[in-house]
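Undergrad: There's a structure below that I have some questions on.
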Amino acid sequence: MLTEKNSIKTQIEFGTALLEKVSDSAKLDSQVLLSFVLDKEINYLYTWPEKLLTEDQYISYSSLLQERLLGKPIAYITGIKEFWSLPFYCDESTLIPRPDTEVLIEIILEEVEENIESKSNSISCIDLGTGTGAIALALASEKPKWDIEAIDYNKNAVALAQRNAKHLAINNVNIYQSDWFLSVSTDKRFDVIISNPPYIDENDIHLSQGDVRFEPLTALVAEDQGLADITKIVNQAIPYLKQGGYLFFEHGYNQGEAVRNIMLASGFSKVQTIQDYGENDRVTFATFHQ
């Protein structure tokens, strides 16, 4: 029998109390899960707080709360994560897009608009290790005239990124499988090369905490204290960059100096590190001149 205990307001309160044990955003988590079950926007929950859940809705919501209680990320439960105000399909083949990665998008747009677009009508760009396609597709949504490629080693990630491109009706991104530059045409030259590669050390304690426990290790962990893939990309990228082209990395909060040194040692110039919204080193970029 349905009672006021099954109202939207009461169930959000219940979910919040339950999830406070495992989440720093317990109320938001419960709201997202309930709006997902109801197939409504979160605003609906505020508008109709006394509306009762059906029995099926109550059972579904309770089941999702249990998944979250076990630590499963919200994005993997609902299959959706917003990034750059765009809805991206997510699954366990890829990392979940993070808000701090939007800093990378902002810096790329700023640097290219100021230093390249003013000199060229055609901008070429490649995103290495694209995952959901979030970086490439966010850029494409802002710059429909850019020629963008996006690659990933994981074929399931490639399929997911292609699905996101179709869902978002973004047509200026060519998404395909490649082990870094291995399948990229050798005659290609890019204005911008971007990567958010694996950069976590295999012994990092954060691998056993929070959402990261559920994400694929191959997309998280790199050898050489998390710097192996960054070093590889720096060395491989040079023949693929146009004169004065840019290489951008997202990296760990404590890797700014190390990434700058790797790029400087390979001949890059104007190397800079930018902090994320939490004031941690997050993005390092540089240009290359032959």
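The values are calculated or read from the model by the stated rules, or taken from the named source; none is laboratory data. Quick caveat, the model's predicted, so the values are computed rather than measured. When we count neighbours, we look across all protein chains shown, and the Cβ atoms used for this are built from the backbone with ideal geometry, even at glycine. Ligands, DNA and RNA are stripped out before the accessible areas are found, and what is left, the full protein with its side chains, is counted by its heavy atoms. Shrake-Rupley method; radii C 1.70, N 1.55, O 1.52, S 1.80 Å.
Undergrad: Relative contact order of the chain, please, whole-number percent, based on alpha carbon pairs below 8 angstrom and at least 6 residues apart.
TA: Values: 496 pairs, mean separation 38.2, N = 290.
Normalised by residue count, the contact order of the chain is 13 percent.
Undergrad: Taking the alpha-carbon distance from LYS188 and a cut-off under 26 Å, which lysines remain once sequence neighbours fewer than 8 residues away in the same chain are dropped?
TA: Once the sequence-local lysines are set aside, what remains near LYS188 is LYS119, LYS143, LYS145, LYS155, LYS166, LYS232, LYS242, LYS270.
Undergrad: Within straight cross-link reach of LYS21, meaning Cα distance under 23 Å, which lysines are found once same-chain residues fewer than 8 apart are removed?
TA: Reachable lysines: LYS5, LYS9, LYS72, LYS81.
Undergrad: Helix-only mean residue ellipticity at 222 nm, the chain, DSSP H runs n ≥ 4 weighted -39,500 (n - 2.57), per residue, nearest 500. What is it?
TA: Numbers: 11 runs with 112 residues, N = 290.
Dividing the helical sum by the residues of the chain leaves -11500 deg cm²/dmol.
Undergrad: To continue, here is another question. Please determine, in degrees from 0 to 90 and to the nearest 10, the orientation of helix 155-167 with respect to the longest principal axis defined by the Cα atoms of the chain, where the helix direction is its Cα long axis.
TA: Between the helix axis and the principal axis of the chain, the angle is about 70 degrees.
Undergrad: Using a 1.4 Å probe, what is the accessible area per residue for the chain, in Å²? Could you put the intermediate results ahead of the total?
TA: On the way: 14570 Å² over 290 residues.
Per residue, the chain has 50 Å² of solvent-accessible surface.
Undergrad: A further question on this structure: Quick check: with the 1.4 Å probe, what order do VAL271, VAL112 take by accessible area, largest first?
TA: Values: VAL271 35, VAL112 0 Å².
Ranking VAL271, VAL112 by accessible area, largest first, yields VAL271, VAL112.
Undergrad: Calculated FRET efficiency, LYS270 and LYS232, Cβ-Cβ r, R0 25 Å, to nearest 0.05?
TA: Details: r = 22 Å, r/R0 = 0.87.
Rounded to the nearest 0.05, the efficiency is 0.70.
Undergrad: At what distance in nm do the modelled label points of GLU113 and ALA169 sit from each other, each positioned 7 Å from its Cα along Cα→Cβ?
TA: 2.4
Undergrad: Tally the DSSP beta bridges in the chain and give the antiparallel ones as a percent, rounded to 5. Each step should come with its number before you reach the end.
TA: Details: 16 of 36 bridges.
That works out to approximately 45 percent antiparallel.
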